[in-house]
Amino acid sequence: MANSRVLKSKRDFRTLYGQFHGSGGTVSGAGVWASDAAGFTKTVLNFKNTPIVLADAAGVVAYGGLKIFDFPQGSIVIQGATANLTVTKTSTGVQATWNGDFGVGTVTASNDATLSTTEQNIIPTTPTPAAVAGVTSAKGRSTAAVTLDGTTTAVDAYINFLVDDANHDVTTTPCNLILNGTVTILWANMGDY
């Protein structure tokens, strides 16, 4: 085979192994050894007709959130995340040309006019385009890596939505937002301490 390589020594083996497993350092010190672990995990969360139940903060906003992932216990490093979703309203409780925002965070949306802090610390708050016939998209990405302290209590991921107050009356006519598409998170567990 043209691309085959003959390993002539243990050093050749360690070099080749490191190219595939990320080991590039050398252990130093009595009683010290190294073990490599898998790197980042790419988790693709798939949505098929997934409902977000909207609640009304009167005179402020309609809001809703859904827990979509439980991270394992540990210090979680999120390298990046993307969302690629179609969003459809289910009733006249939300106008056909509604506007809103979405984000992915580690707590669910609350009854205020913005997604802030941990409501959007994985994918920051992003406007949804004006809906056409009740349908819009939720597309966005993370803008920075984030480290989450799940060492005492494991952290969760939530997808959160707001609908502008002028665009709904979900108290009179309840309405859900229906999600189809994906959210992708690239993350690693740095362990507990």
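Here, each number is a calculation from the coordinates, and none is a lab measurement. This one's a predicted model, so the numbers in the text were calculated from it and none came from an experiment. When we count neighbours, we look across all protein chains shown, and the Cβ atoms used for this are built from the backbone with ideal geometry, even at glycine.
A few points about this structure:
- Assuming charge only on the beta carbon of Lys and Arg (+1) and of Asp and Glu (-1), the dipole of the stretch 41-189 about its Cα centre is about 560 debye to the nearest 20.
- Simple spin-label estimate for Gln73 and Thr41 in nanometres, 7 Å along Cα-Cβ: 1.5 nm
- Virtual paramagnetic centre 7 Å along Cα→Cβ of Thr173, amide N under 16 Å, in the stretch 132-162: 132-135
- Derived value for the stretch 37-148: Kirkwood hydrodynamic radius 15.3 Å. Basis is the mean of 1/r over every pair of different alpha-carbon atoms.
- Among 182-189, 90-97, the order from most to least packed when residues are scored by Cβ within 10 Å on average: 182-189, 90-97
- Here the simple spin-label model places points 7 Å from the Cα toward Cβ, and for Lys48 and Thr152 these points are separated by 4.0 nm.
- Taking the stretch 76-90 and a reference point 7 angstrom along Cα→Cβ of Asp192, the backbone N atoms nearer than 16 Å belong to 76.
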